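Asks: Following this message is one structure expressed as structure tokens.
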Amino acid sequence: MTDRFRVLVAVLVLAGPVLVAQMRPGGQMRIVLLVDSSATITPMITDFRAGLAAFLDALPGDPEIAVISTGSQMRVRVQPTTDRVKLRAAASSFSSDGGGNSLLDSLLEADQRLLKNVERRSVFVILTSDGGGVGTVTPARINVYNKFVDDFIARGGRAHAVVVGSVNRGVTTQIAQNLARNTGGFYESIVIGNAIPKLMITMAEYVAADQ
């Protein structure tokens, strides 16, 4: 890992105070399930599908849910809906798009398109892998990310994240951990995929507590 990358990651993690997001009073919740579909998840696809199904089965109530994948670029798998049949079908057929994991760009685009200007309580549920290695986040993108976090907190957003990867983690882990902790959400990192379903149930419990 280069010194320059270490500096960029430090800026990302340390920017701004660690705050607990304030929930919007009342109103329907909109959840964006942001799921890694890069080549890295191919050996874990059964665990990813089981995790998505477990989350949907464990989550009570009638929130709007969108499914977004992050392989190579953001892809809307399911538009915001309360239709659990459609959502479960997307979970059972979830597949890899190949390529790299575009978590940061997908996160920012999904917020702009699906959360920011909608009268709903905003929630990100992130399920991603992290293969480690040197990241490519520029100072300009870090500034954009930090502005997003400030705005997301100000409008009562919450984020929860599970990251799967080896001990050598990269900027994907830094982003997921930073966003979850700054918004008072649940965060966990694991090294093997078979723990995903159990942790997705835990995330559903955290989301349900905000309803």
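Bear in mind that the values in this text are calculations on the coordinates, not laboratory data. Note that the coordinates shown come from a computational prediction; the quantities given were computed from them, not determined experimentally. Cβ: placed from backbone, ideal geometry, glycine included. Neighbour counts: every protein chain shown.
Asks: Around Gly156, which amide H atoms from residues at least 5 apart in sequence, or from another chain, sit under 5 Å from its own amide H, with H modelled in the peptide plane?
Replies: So Gly156 has HN proximity to Gln22.
Asks: While we're on this one: Classify segment 28-209: rounded, prolate or oblate, from the alpha-carbon gyration tensor (a ≥ b ≥ c, eigenvalue square roots; a/c under 1.5 rounded; otherwise prolate if a/b is larger than b/c)?
Replies: rounded
Asks: What ranking do Thr70, Thr202, Thr183 get, fewest neighbouring Cβ atoms within 10 angstrom at the top? Please list the in-between numbers first.
Replies: Values: Thr70 30, Thr202 17, Thr183 24.
Exposure proxy ranking, most exposed first: Thr202, Thr183, Thr70.
Asks: If contacts are Cα pairs under 8 angstrom and at least 6 residues apart, what is the relative contact order of segment 28-209 in percent?
Replies: Worked out over segment 28-209, it gives 28 percent.
Asks: When ranked by the protection proxy of mean other Cβ atoms within 10 Å per residue, highest first, what sequence do the peptides 46-53, 172-179 form?
Replies: On the way: 46-53: 20.5, 172-179: 24.1.
The peptides rank, most packed first, as 172-179, 46-53.
Asks: Could you derive backbone 3J(HN,Hα) for segment 73-84 from the dihedral phi with the Karplus parameters 6.51, -1.76 and 1.60 (θ = phi - 60°), listing whole Hz in sequence and x where the residue is Gly or Pro?
Replies: In residue order, the calculated couplings are 7, 5, 9, 7, 7, 9, 5, x, 7, 9, 7, 5 Hz.
Asks: Give me the extension gain from Ile192 to Asp57: residue separation times 0.36 nm, minus the current Cα-Cα distance, reported in nm with one decimal.
Replies: Going from the current span to full extension adds 46.4 nm.
Asks: Could you go through segment 115-131 in sequence order and give the Karplus-derived ³J(HN,Hα) for each residue, using 6.51 cos²θ - 1.76 cosθ + 1.60 with θ = phi - 60°, rounded to whole Hz, and x for Gly and Pro?
Replies: Taking θ as phi minus 60°, the curve returns 10, 4, 9, 10, 7, 9, 6, 8, 9, 9, 10, 10, 10, 9, 9, 9, x Hz for segment 115-131.
Asks: While we're on this one: What is the sum of charges around Thr40, taking Lys and Arg as +1, Asp and Glu as -1, for the other residues whose C-beta is under 13 Å from the C-beta of Thr40?
Replies: -3
Asks: Amide H neighbours of Arg121 under 5 Å, counting only residues 5+ apart in sequence or on other chains, H built in-plane at 1.01 Å?
Replies: HN-HN under 5 Å from Arg121: Gln28, Met29, Arg30.
Asks: Among Ser93, Ser129, Ser38, which comes first, second and so on when ranked by fewest other beta-carbon atoms within 10 Å?
Replies: So the ranking, lowest neighbour count to highest, is Ser93, Ser38, Ser129.
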